[in-house]
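All remarks here apply to the structure that follows.
FYI, it's all coordinate maths here, none of it is from the lab. Not measured: the values here are computed from a predicted model. Note: ideal-geometry Cβ built from the backbone for every residue, glycine included; neighbour counts use all protein chains shown.
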Amino acid sequence: MRQPPDGVSIVITSYNYEAFIGRAIESAASQDVAKLDIVVVDNASTDGSWGIIERAAERDARIRAFRHNSNIGMIANHNSGTERAKHEHVLFLSADDYLLPGHVARLLAAHAKHPEIDYVYSSHIRVDEQQRFLNYCNHPGFVQAEYAGGRNEFADLLTYDCYMCLATTLFSRDNLLSTGGFREGLVAGDLDLYVRLAATEAQFAFVNAPGVAIGLHPGERSGEERYVATGKQLLDHLDIMEQHVTAENRHLYRGREHGIARLLQAKIGNARRYPQGLDVLEGVQARIQAITDRLFSPTSSAHPNDPAAAISVIVLGSSDVEATMDAIKMVVQQKQEGLEVVIVDRGSFDATAFLDDRARPFRAKLLHLGDGVSETAAISSGMRLTNADVVTYVRPGIRWAPDHIANLTAIFASPKVETVLSPVQLVPAGRSTEPGAAVNLIDLGIADIIPLEALAHRRSLFDRLGEVDARFGQLSEGEFATRIVAGSQTLSQPVPIVAAEFDLRRSASALRDPHGYVAALHSFHSAYDVPAEARERRERHVERITLALNTALAARTPANQEQLELALRGYAT
């Protein structure tokens, strides 16, 4: 097992950032690390940057200053700094950014806790030229909780773009040098580097705390605009895809093709906004087509690392730790070989260590999001850590048949099956099992009728049909399930899932915000076009929901709440 690092080199790259370089050096020097090496590499600045750097090096022996006679380019300057670093572990900092207190110590602590991990990175914030806070960078590729390994970073980087940031990442100097360092000729050298490292199936850990302040200022923003406007952003992305969307990496992006293609289309859309970008786009049509053909080309044989036929279970925990543990125990009792378990803990305190003990037979991946995080974010974050071909869900209060996962595995052995929808029995608390109505597919787009626990689907549908959409408010989960079923080849599973407790989850949410629920229902209806007859049924459904809400609000009795729950699910519509 690799020994955790005991020293860090911080490489600060500088070019004409006289206004910022002093702050960057100060932030590096103030990091609480015993063995700290600060390498400042100036790229032949023509302003007063070098004088500031020299004076800082005279005051602090940990600071070593180097200056090029001529500007060798941003990427070459990073490689130059890597070669000059003394320690095995390296962090890069641009002169217009600065490190927040405790950043390097947090990365080192995470590495010490998980010595099997290759690289550790964190989140960051954005500031203006006066170092005033602008926002927290909540990148679409982020998981909303700390994790250590288990994520397909290769596919996610090509799906969500570069959600890692050089100044937030603890690198291995030897690995960087052995893999050629930053590839010259690219402005997007960071994305290329991360994808190259991920292609080796290196493991990353994420520290969910901002460690760096990224400076946004006129010079930085105009540089970014020139990068997009000239078409260079698109050219870089095509180059990266040509390098990495290969037969050798097919096992890393199988099932993720649509998400990767969407990011490519976004880069194309960026280029279309500018005249020079349009000229570039016209000249690369053949490259785009070749990449797309390669991305979606069928393969004659599976890679030995393909997770086909395996199933990921996302356990959506709650503040009721005991009930969450019961759900984990039920999953463990499935005794299905190759089962991948992702536990998303949303309790008021971090119970992941306790939950991990219950899930040890599966070496579960655990995320602690806290009780303020929406279920929409919990589902999306849990999905980020799934790698199996099929995904299903479970929450406290759900009871599976002992062979439920085995049944799903057998059904999904047919490549024609994309989604399995199991009937659900709703059981009011304290009562014997009473079968509820099975989902009628004719009702799709009318009511929020599909409990998430009833759904099992190919993971590829998450990329093809889109993630859980928070815009649908209380119906986001139901809209996601409806979208998956409506957009795939669906097979009804004859063995039902049994809800052990009728917990009135949806009715309680609707009662807290009845106007919000009705508004979400109208948004849900607007998203799905249905025939005229179904539109009439929609109107009746909304009327029935409104009546049921008013009745339940007035009476506040379990019986009325149960009737509301059935109405929300579309039963007896």
Under a 5 Å amide H to amide H cut-off, with H placed in plane at 1.01 Å, what residues pair with H368 once short-range neighbours are removed?
-> E146, D345
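Mind jotting down a quarter of the surface of the convex hull over the alpha carbons of segment 311-502, in square nanometres, one decimal?
So the Cα hull casts an average projection of 10.2 nm².
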Would you kindly work out the equivalent ellipsoid of the chain from its C-alpha gyration tensor and give its semi-axes, the square roots of five times the eigenvalues, largest first in whole Å?
-> 48, 26, 24
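Per DSSP H run of at least 4 residues, take -39500 (n - 2.57); add these up for the chain, divide by its residues and hand me the 222 nm value, nearest 500 deg cm²/dmol.
Result for the chain: -12500 deg cm²/dmol, rounded to the nearest 500.
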Given segment 7-216 reduced to its alpha-carbon atoms as identical point scatterers, what log10 I(q)/I(0) does the Debye formula return at q = 0.08, 0.12 Å⁻¹?
-> -0.25, -0.58
Counting pairs of alpha carbon atoms under 8 Å apart in space and at least six apart in sequence, what relative contact order in percent does the chain give?
-> 11
Residue farthest toward the positive end of the dipole of segment 224-296, with Cβ of Lys/Arg at +1 and Asp/Glu at -1: which of N270, G255, H237?
-> G255
Taking Lys and Arg as +1 and Asp and Glu as -1, residues besides V207 with C-beta under 11 Å from its C-beta add up to +1
For segment 285-291, what does the Karplus curve 6.51 cos²θ - 1.76 cosθ + 1.60, with θ = phi - 60°, yield as ³J(HN,Hα) per residue in whole Hz, taken in order and with x for Gly and Pro?
-> 4, 5, 5, 4, 5, 5, 5
Dipole size in debye (nearest 20) for segment 311-502 around its Cα centre, Lys and Arg Cβ +1, Asp and Glu Cβ -1?
-> 440
For segment 224-296: Kirkwood Rh in Å [reciprocal of mean 1/r, alpha carbons] | 12.5
Positive end of the charge dipole of the chain (Lys, Arg +1 and Asp, Glu -1 on Cβ, about the Cα centre): tell me which of S422, L176, Q144 has its Cα farthest that way.
-> S422
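Looking at this model, which pairs from K329/K365; K35/K86; K232/K267; K365/K416 are more than 18 angstrom apart at the alpha-carbon? Walk me through the intermediate numbers first.
Values: K329/K365 15 Å; K35/K86 10 Å; K232/K267 10 Å; K365/K416 29 Å.
From the list (K329/K365; K35/K86; K232/K267; K365/K416), the Cα-Cα distance tops 18 Å for K365/K416.
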Local electrostatic count, F480, Cβ distance below 10 Å [Lys/Arg +1, Asp/Glu -1] = -3
Determine the sum of side-chain charges near F349: Lys and Arg each +1, Asp and Glu each -1, restricted to other residues whose C-beta is under 13 angstrom from that of F349.
-> -3
Under the Karplus curve 6.51 cos²θ - 1.76 cosθ + 1.60, θ = phi - 60°, whole-Hz ³J(HN,Hα) for segment 31-47, x wherever Gly or Pro sits | 5, 7, 10, 5, 10, 10, 10, 10, 10, 9, 10, 8, 9, 6, 4, 9, 9
Non-local residues with an amide H under 5 Å from the amide H of E340, with H modelled 1.01 Å from N and Pro and chain starts lacking one, are I311, S312, V313
Proxy exposure order for D529, D128, D97 (fewest C-beta within 10 Å first) is D529, D128, D97
So how do F296, F524 line up by other beta-carbon neighbours within 10 Å, fewest first?
-> F296, F524
Calculate, for A105 and I72, the FRET efficiency according to 1/(1 + (r/R0)^6) with r their C-beta to C-beta distance and R0 30 Å; round to the nearest 0.05.
-> 0.40
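Within 10 Å of each residue's Cβ, count the other Cβ atoms and sort V41, V518 from fewest upward.
Details: V41 26, V518 16.
Going from least to most buried by this count: V518, V41.
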